[in-house]
Amino acid sequence: MLKLYGYWRSSAAYRVRIALNLKGLDADLLSVHLVKDGGEQHKADYAKLNPQELVPTLVDIDDSGNELVLSQSMAILEYLEDSYPQSALLPTDAKSKALVRALALSIACEIHPLNNLKVLQYLTGEIGIADEAKSAWYHHWIHEGFGALEQQLEQHAGRFCFGDSVTLVDLCLIPQVYNAHRFKVDLTRYANILRVSENCNQLDAFIQAMPENQFDAV
Ligand SMILES: N[C@@H](CCC(=O)N[C@@H](CS)C(=O)NCC(=O)O)C(=O)O
């Protein structure tokens with residue numbers, strides 16, 4: 001039995017929701033409200049499950065009752081890929097697999113952490129920067145990351161980020177594009193990113209995973 005602790009607007013949980021849908025896996029979705037009352041991710045019960053106090057957390061309970069509690073969306077995606085190989089998210093040859101991972105990590109490690117909620121809250125709270133500066137910070141890291149990715153997609157993209165099959169890169173890109181739109185980043189210069197996003201967002205697995213389609217969306 002799979003349980004996914006997430007939040008409708010969490011990009012990292014969004015990646016995992018897409019994977020579950022693509023692989024046709026049923027999971028109980030549990031909401032951790034990241035803002036209400038200072039953030040439920042910081043409450044003792046959840047922090048015990050995920051000491052980093054971040055979503056997502058995947059819990060997989062096998063038939064004997066053994067429980068795997070897994071944090072970090074990229075580790076969760078690789079676990080799902082290894083355990084449920086249907087609708088593969090990684091190519092099979094070593095070179096393509098490494099390239100897909102590199103592109104996916106360019107979003108998950110270079111863009112996302114800099115624009116995460118706790119970072120933005122620290123900038124406006126402890127550091128005391130104004131909302132305008134926070135927005136400049138957000139836009140800067142999106143443009144730096146998407147600028148590089150756009151060039152790489154020129155070489156690798158087909159219908160999706162890496163050729164004509166959905167891979168881990170698309171699962172990282174779509175939530176990041178959603179987030180960039182939310183923070184009003186002008187993406188018109190990124191033709192490949194926009195084209196791939198449009199293609200992904202026509203697929204049921206992506207549509208069902210959209211933040212606005214989650215039960216905890218407000
Ligand atoms: N590297 C982690 C990042 C997880 C993460 O940053 N989650 C965000 C939501 S997208 C979160 O829980 N933020 C809560 C906070 O910043 O307090 C992963 O990929 O799982």
- Nearest-0.05 FRET efficiency for Ala88 and Val218, computed from C-beta distance (R0 25 Å): 0.10
- Output for region 104-147: GluC sites (Glu not before Pro) sitting in coil per DSSP, at most 14 other Cβ within 10 Å, listed by number, reads Glu110, Glu126
- Note the full-extension length gain between Lys48 and Ser165 as 0.36 nm times their separation in residues minus their Cα-Cα distance, in nm to one decimal. 38.4 nm
- Task: May I ask you to list the residues of region 195-210 whose amide nitrogen lies under 20 Å from a point 7 Å from Cα along the Cα→beta-carbon direction of Ser96?
- Result: 196-197, 199-200
- Query: Just by accessible area at a 1.4 angstrom probe, what is the order of Thr188, Thr124, Thr57 from largest to smallest?
  - Reply: Thr188, Thr124, Thr57
- What is the spread of the Cα atoms of region 2-87 along each of their three principal axes, largest first, in whole Å? 39, 28, 19
- Query: With contacts defined as alpha carbon pairs under 8 Å and 6 or more residues apart, what's the relative contact order of the chain in percent?
  - Reply: 25 percent
- In a GNM of the chain with a 10 Å cut-off on Cα contacts, which of Asn199, Asn21, Asn50 has the highest mean-square fluctuation? Asn199
- Scoring region 2-87 by relative contact order with C-alpha pairs under 8 Å, at least six apart, yields a percentage of 33 percent
- Toy charge model, Lys and Arg Cβ at +1, Asp and Glu Cβ at -1: region 2-87 dipole around Cα centroid in debye, rounded to 20, equals 440 debye
- Query: Counting only protein chains, not ligands or nucleic acids, how are Arg101, Arg189 ordered by accessible area (probe 1.4 Å), most first?
  - Reply: Arg189, Arg101
- Listed residues Phe206, Phe183 arranged by accessible area, highest first, probe 1.4 Å: Phe183, Phe206
- Query: What's the extension gain from Cys109 to Val69 if we count 0.36 nm per residue and subtract their Cα-Cα distance?
  - Reply: 12.2 nm
- Message: Going by amide H atoms built from the backbone, whose H comes under 5 Å of the H on Leu30, apart from near neighbours?
- Response: Leu4, Tyr5, Gly6
- Task: Pick out, from His33, Gly158, Ala130, the residue whose Cα sits farthest towards the positive end of the charge dipole of the chain, with +1 on the Cβ of Lys and Arg and -1 on the Cβ of Asp and Glu.
- Result: Ala130
- Item | Contact order relative to length of region 94-205, as percent, for alpha carbon pairs under 8 angstrom and 6 or more apart | 30 percent
- Message: Taking the solvent-accessible surface of protein heavy atoms with a 1.4 Å probe, what is the per residue accessible area of region 94-205 in Å²?
- Response: 51 Å²
- For Lys118, the lysines lying under 17 Å Cα to Cα, once residues fewer than eight places off in the same chain are dropped, come out as Lys36, Lys43, Lys134
- Task: Could you please state, rounded to a whole Å, how far the C-alpha centre of region 155-218 is from the C-alpha centre of region 124-140?
- Result: 25 Å
- Assigned charges on the beta-carbon of Lys, Arg, Asp, Glu; the chain dipole about Cα centre (debye): 400 debye
- Message: At 7 Å along Cα-to-Cβ for each site, give me the label-to-label distance between Ala130 and Asp62 in nm.
- Response: 5.8 nm
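The values are calculated or read from the model by the stated rules, or taken from the named source; none is laboratory data. None of the values given here were measured: they were computed from a predicted structure. Cβ atoms come from the backbone with ideal geometry, glycine included; neighbour counts cover every protein chain shown. The accessibility values were calculated without ligands, DNA or RNA, using every heavy atom of the protein model including side chains. Shrake-Rupley method; radii C 1.70, N 1.55, O 1.52, S 1.80 Å.
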